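**Student:** Structure incoming, see below.
The values are calculated or read from the model by the stated rules, or taken from the named source; none is laboratory data. Model, not experiment: these values are computed from the prediction. Please note: Cβ atoms are built from the backbone with ideal geometry, for glycine as well, and neighbour counts cover all protein chains shown. Quick note on the areas: whole protein, heavy atoms, side chains included, nothing else; ligands and nucleic acids left out. Shrake-Rupley method; radii C 1.70, N 1.55, O 1.52, S 1.80 Å.
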Amino acid sequence: MAILSYLSFRNIQNENYLIQKNFDENRASLQKELEEALEKEQGKIFQETKAASLFLYEQPKSLLEFGNAANFKDVNGIEAIFLYNNGSLVYPDISSKLFSYTEHFSSTKPTLAEATLYQSEQDNDRLPEAMFSREMLAHSPLLSPKEQALNVLGLVRIAYKSKDYNESLRLLKILESKPKLQGYLHSDLTRSINLLHFDILVKMKKHQEAEDYCLSVLNQFLQEQTIEDIPSTRFFFETAFTQILSFENLKQDKREAFWNLRSNFNRQLGYTEILMHNQELFQNTLHSDNSSKAGILFKSEGNVTLFRMSYPLLSGNQIVIAKIDEDAYSNRILDKLKNIAQRWNNVPFSISDAKDSLILGSIPDSANVISQVAFNAIPSWQLSLYEKDVGEIRKESRHRMFLMYSLLFFSLVTVLFGSFFMLRFFIQEHKLLAMKANFLSSVSHELKTPLTSIKMFAEMMARGRVMKVEKVQEYSGLINKEASRLENLIGAILNYTRMEHGTGAFKWEKLDFSVCAKKVFEAVEDIGVEKGLSFKTHFDPNVYVMGDYTALYSLAQNLIENAIKYTNAPGDIEIKVYNEDDRAVFSVIDTGVGIPSSEQKNIFNDFYRVGDEMTRSTKGSGLGLAIVKRVAETHKATISLVSKPGKGSNFTVRFRKVD
Ligand code: ADP
């Protein structure tokens, strides 16, 4: 016991050490795998960004000739891509893109009054009174050009509301044809004018003119030096492009061109907006000299994180700056890291972002931080690895020990059980073999005895030595007796072996035991009466049992015949069959020689016969009670024996009753 305790103590110590060692290795593996996965996924993002940027580099500069918009692949995790060549922006440089479509909208010639307006506008900033004489300027000669322009717009709206589209257009053209006049308006007002103009053309079903007008506004927009109001510009073009794409008579090639134009223009506009809001960061990123060896450099400011991609990822004069979509980028990488973390769920670790909030793993309450690694990821993530809780190590080692001992115990129990059953099996086999050998020798011995007598008498008669008739009669009588003894014996053996083969040979049926016992009694009654015995019987009706008729007949026969055999005249034999609770009872009671208690155990054995005078003088095989025992066993019945030498015997068999 002491040795065992010592051993298990040593074992636990060993286990603790092994677990600690194992844990150190696991921690190192986890860190390595996380770093590798991060690097791999980032590498993928860089490669995808590079592919997208090369696609953009290859596109013609003209917006309309821009390739199929569907071919451009957005990169999951990247919001915008900016291309530089030799230090200057080439995409999205919408202002530098030459718009090849040059057909201007200027078919209507200005009226005289309008011409005067243009003329005077060039001379001074005030609009001539003549221009608005009738409608509105009569009372306000001192209006500023801006106010005058707003007034014209008012007139446009009045005409538009009264569905006088021609008049609306005429007035709009006045406002639009002179850039200087437009300058008086806010740019969102310019877009309102554009939208009104476009809308009127659509209302008048002048689709071709509407398309041309939209393109001319785009052309104008591209030539502007500054882009002041992106939202209203975006709104105008989005509305116009959507309307144009819904024109039924738009040709397929034009539809495609407008579709591409819309995607490309929207993208460029979106990118330009980002550029405009972060000009300083872009300049810093572009001109930063400490670019990494791999050609990637991260830079962030506030919520914006950019990375610069340059040589050797790109060719020498190209630089790409990508703006990260932080959520998508993080999720993309986290997805990969989560898979790894799941596999190492017993190693405590955490990953937190730049704002120090936890994004993966968990921070244990008590464990010490073992190492902290800055992940080279945006936006500066930090990986912390923690010491494994000592309690947890102990718990784990106890758990492992428990498992080990359980396994050991289980194996031991299995081996013990196995051995026990094997032993039992061998003993049974051995017993069976011995019984068989015993049975065979007994059978051959029993068969030999009557055969020897038969042979002897037959030989004597054959040699002609027996001359007297009485002797011949006596000998042939003896031969006959021995032959019938042999017959009985063989019958008993056959009966017995039938029992030996067990229930398989039986025909199970519900039967009335009284009927069976009565049949036996009727068959043997005469022998008993002849011997001078008197019988008392009691057969209850309906004593049902489940059983094999032949086997039960044999049981009753052996018990009743024994009672007759081992009772001297004058004697009484009582045979009873009756129901008792859930049992069917069969009793044979005699006033015969009885059986000494020392013999009562043996008489049920095969070929066993009590060695007294009475037995020797009666014929028997010693198989009768063995058959009774077998039948009772196979029928799940019990046998009880009460016997006293000189007084008599009571054999009672109790069966399970069936209704
Ligand atoms: P046997 O063929 O010798 O009758 P059994 O197996 O029927 O063989 O009986 C075994 C022995 O039990 C008998 O030899 C006999 O000595 C004893 N025995 C059986 N039945 C009785 C009985 N009713 N009264 C006294 N002895 C009995």
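**Student:** Quickly work out the residue 423-to-residue 601 label distance, labels modelled 7 Å from Cα along the C-beta direction, and quote it in nm with one decimal.
**Tutor:** 2.2 nm
**Student:** Per residue, how much accessible surface does the stretch 512-653 expose to a 1.4 Å probe? Answer in Å², no decimals. Don't skip to the end; give the middle numbers.
**Tutor:** Numbers: 6550 Å² over 142 residues.
On a per-residue basis, the stretch 512-653 sits at 46 Å².
**Student:** While we're on this one: How would you classify the stretch 459-612 from its alpha-carbon gyration tensor, with a ≥ b ≥ c the square roots of the eigenvalues: rounded for a/c under 1.5, else prolate if a/b is greater than b/c, otherwise oblate?
**Tutor:** Numbers: a/c = 2.11, a/b = 1.69, b/c = 1.25.
Verdict is prolate for the stretch 459-612.
**Student:** Please label the shape of the stretch 526-627 as rounded, prolate or oblate, based on the square roots a ≥ b ≥ c of the eigenvalues of the alpha-carbon gyration tensor (a/c under 1.5 means rounded; beyond that, a/b larger than b/c means prolate, else oblate). Don't skip to the answer; put the middle values down first.
**Tutor:** Values: a/c = 1.94, a/b = 1.34, b/c = 1.44.
Taking the square roots of the gyration eigenvalues as a ≥ b ≥ c, the stretch 526-627 is oblate.
**Student:** Then there's this: In straight Cα distance, which lysines are under 20 Å from residue 205, not counting same-chain residues fewer than 8 positions off?
**Tutor:** Partners found: 161, 163, 173, 251, 254.
**Student:** With only Lys, Arg, Asp and Glu charged, each at its Cβ (+1 for the first two, -1 for the last two), find how big the charge dipole of the stretch 444-531 is about the Cα centre; round to the nearest 20 debye.
**Tutor:** Numbers: 14 positive and 13 negative charges, 73 e Å.
Charge dipole of the stretch 444-531: 340 debye, to the nearest 20.
**Student:** Quick check on the stretch 213-287: take the gyration tensor over C-alpha atoms, sort the square-rooted eigenvalues as a ≥ b ≥ c, and tell me if it's rounded (a/c under 1.5), prolate or oblate.
**Tutor:** Working: a/c = 2.87, a/b = 2.23, b/c = 1.28.
Prolate is the answer for the stretch 213-287, as a/c is 1.5 or above and a/b outweighs b/c.
**Student:** Okay, moving on. When N is the residue count of the stretch 280-322, what does its C-alpha Rg come to as a fraction of 2.2 N^0.38 Å?
**Tutor:** Compactness ratio reported: 1.07.
**Student:** List the lysines whose Cα sits under 18 Å from the Cα of residue 395, skipping any in the same chain fewer than 8 residues away.
**Tutor:** Answer for residue 395, where 18 Å is the Cα cut-off: 21, listed by chain and number.
**Student:** For residue 323, give me every one of the lysines with a C-alpha distance below 24 angstrom, ignoring sequence neighbours fewer than eight places off in its own chain.
**Tutor:** Cα-Cα hits under 24 Å: 40, 44, 50, 61, 73, 97, 293, 299, 336, 355.
**Student:** Next question. For residue 440 and residue 409, what is the calculated FRET efficiency with R₀ set at 41 Å and r taken between the beta-carbons, to the nearest 0.05?
**Tutor:** Plugging the Cβ-Cβ distance into 1/(1 + (r/R0)^6) gives 0.35.
**Student:** Assuming 0.36 nm per residue, please report the length gained on full extension of the stretch residue 335 to residue 460 beyond their Cα-Cα distance. Before the final figure, lay out the partial values.
**Tutor:** Working: separation 125, 0.36 × 125 = 45.00 nm, distance 10.96 nm.
Full extension from residue 335 to residue 460 adds 34.0 nm.
**Student:** Could you give the Stokes-Einstein D for the stretch 583-659 in µm² per second, using the C-alpha Kirkwood radius, 20 °C, 1.002 mPa s?
**Tutor:** Estimated via Stokes-Einstein, D reaches 162 µm²/s.
**Student:** Distance cut-off 22 Å, Cα to Cα: go down the list 510/601; 576/636; 565/644 and report the pairs above it.
**Tutor:** Pairs exceeding the cut-off: 510/601.
**Student:** Students often check this: by mean Cβ neighbours within 10 Å, which of 562-573, 417-428 ranks highest, and how do the rest follow?
**Tutor:** Per-residue mean Cβ counts within 10 Å order the peptides as 562-573, 417-428.
**Student:** Looking at the stretch 582-647, which trypsin sites (Lys or Arg not before Pro) are in a loop (DSSP not H, G, I, E or B) and have at most 15 other Cβ atoms within 10 Å? Intermediate results must be reported in sequence, preceding the final value.
**Tutor:** On the way: sites: 583, 601, 609, 616, 619, 629, 630, 636, 647; in loops: 601, 609, 619, 636, 647.
Passing both the DSSP loop test and the Cβ count: 601, 619, 636, 647.
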